[in-house]
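Notes to accompany the following structure.
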Amino acid sequence: MRNWMMLGLESNRVIGLRIAKLMRGGKAAQRESQRMVSGKVLAAAKAGTSLMAGASGDKIAEQYRRKVAANAKRRKRK
């Protein structure tokens, strides 16, 4: 349960960073939107594969949290 709550909090922060980037517009915003969509598709595919392999919901939340953390780290550098 804790992983799911933390995922919600961490995701909210990344969403705010991404919205700020998208509001500025330009090529960087276009790249960010493409990255955002492709990242979600890949993460969902990985979650589905993990689920079919018997992973728990908590394990899947951990996978998403790692992706969210990587996105936050990348956003901070820019």
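In order along segment 8-18, phi translates into HN-Hα couplings of x, 5, 5, 5, 4, 5, 5, 4, x, 5, 5 Hz, rounded to whole numbers, per the Karplus curve 6.51 cos²θ - 1.76 cosθ + 1.60 with θ = phi - 60° and x for Gly and Pro.
Taking only protein heavy atoms and a 1.4 Å probe, the accessible area of the chain is 63% carbon and sulfur. Shown in residue order for segment 53-64 are the 3J(HN,Hα) couplings computed by the Karplus curve 6.51 cos²θ - 1.76 cosθ + 1.60 at θ = phi - 60°: 7, x, 5, 7, x, 5, 5, 5, 4, 4, 4, 5 Hz (x for Gly and Pro). If you average the alpha carbon positions of segment 55-78 and of segment 1-25, how far apart do those two centres end up, in angstrom? Segment 55-78 and segment 1-25 have Cα centres spaced 10 Å from each other. Note on the chain: dipole from Cβ charges, positive end direction compared against Ala53, Leu7, Met36; the farthest Cα belongs to Met36. Partner lysines whose Cα lies under 25 Å from the Cα of Lys27, excluding those fewer than 8 positions away in the same chain, are identified as Lys40, Lys67, Lys73, Lys76, Lys78.
Protein heavy-atom accessible surface, 1.4 Å probe, per residue over the chain: 72 Å².
Each Cα pair under 8 Å and six or more residues apart adds its separation to the average, and for the chain the resulting relative contact order is 50 percent. By the helix-only formula, in which each DSSP H run with n ≥ 4 contributes -39500 (n - 2.57) and the sum is divided by residues, the chain has a 222 nm mean residue ellipticity of -32000 deg cm²/dmol.
Label-to-label distance, Val37 versus Ser56, with points set 7 angstrom from Cα along the beta-carbon direction: 3.6 nm. Around the Cα centre of the chain, unit charges on the Cβ atoms of Lys, Arg, Asp and Glu (plus for the first two, minus for the last two) sum to a dipole of about 580 debye.
The values are calculated or read from the model by the stated rules, or taken from the named source; none is laboratory data. Keep in mind that what you see is a predicted model, and the values were worked out from it rather than measured. Glycine gets a Cβ as well: all are built from the backbone with ideal geometry, and neighbour counts include every protein chain shown. Quick note on the areas: whole protein, heavy atoms, side chains included, nothing else; ligands and nucleic acids left out. Shrake-Rupley method; radii C 1.70, N 1.55, O 1.52, S 1.80 Å.
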